[in-house]
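Visitor: One structure, as structure tokens, below. Some questions next.
Any read-out appearing in this document is the output of simple, stated calculations on the displayed coordinates, not a laboratory observation. Please read all numbers here as calculations on a predicted model, not as lab measurements. FYI the Cβ positions are ideal-geometry reconstructions off the backbone, even for glycines, and counts take in every protein chain you see.
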Amino acid sequence: MLAIGESRLELLEATSDDSPISKFLEKRGPGIHHIAVRVDDIRGALARLKQYGARLIDEEPRMGARGCLVAFVHPSSTGGVLLELVQQSS
């Protein structure tokens, strides 16, 4: 991850031919894979998104990079962009 001010840019590459990143690159080519936003309460954020009809990829958060909890929202609910919710570990 590269720090850019208060934001971070994470560069991704496919680690196998059938990885999610490889599938993305085959379908769309190089570019932005997803946008991550920090939330204080990931479970609450998921509940609110679901209440408003958002299509969730992850109904429950899971462990992500650097020990953070993460969950993804389907691009069909976010204007075509995969959205990652991130709750930093304490």
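Visitor: Amide H to amide H, which residues 5 or more places from L82 or on other chains are under 5 Å from it, using H placed in the peptide plane?
Guide: I35
Visitor: Now, a different point. Determine the dipole magnitude for the chain: charges of +1 sit on the beta-carbon of Lys and Arg, -1 on that of Asp and Glu, nothing else is charged, the reference point is the Cα centre, and the result goes in debye to the nearest 20.
Guide: For this selection, approximately 240 debye.
Visitor: Taking 7 Å along the Cα-to-C-beta vector as the label spot, tell me the R38-R55 distance in nanometres, rounded to one decimal.
Guide: Going from the R38 label point to the R55 one covers 3.0 nm.
Visitor: Quick check on the chain: of the DSSP beta bridges with both residues there, what percent are antiparallel, nearest 5%?
Guide: 70 percent
Visitor: Still on this model: Suppose we take every Cα in the chain and form the convex hull; what volume per residue is that in Å³?
Guide: Dividing the Cα hull volume of the chain by its residues yields 118 Å³.
Visitor: Now a separate question. Per 0.36 nm of contour for each residue apart, how much would the distance between Q88 and S7 grow if the chain were fully extended, relative to their Cα-Cα spacing?
Guide: Full extension of this stretch gives 27.8 nm more.
Visitor: Now for a separate question. Quick one: Cα centre-to-centre distance for the range 48-90 and the range 27-45, in angstrom?
Guide: One Cα centre to the other: 7 Å.
Visitor: For the chain, with the dipole built from +1 on Lys and Arg beta-carbon atoms and -1 on Asp and Glu ones, taken about the Cα centre, which of V81, T15, I4 lies farthest toward the positive end?
Guide: Of the candidates, V81 comes out farthest on the positive side.
Visitor: OK, next. Based on the Cβ-Cβ distance of I21 and R48, what FRET efficiency does E = 1/(1 + (r/R0)^6) give at R0 = 25 Å, to the nearest 0.05?
Guide: The formula returns an efficiency of 0.30 here.
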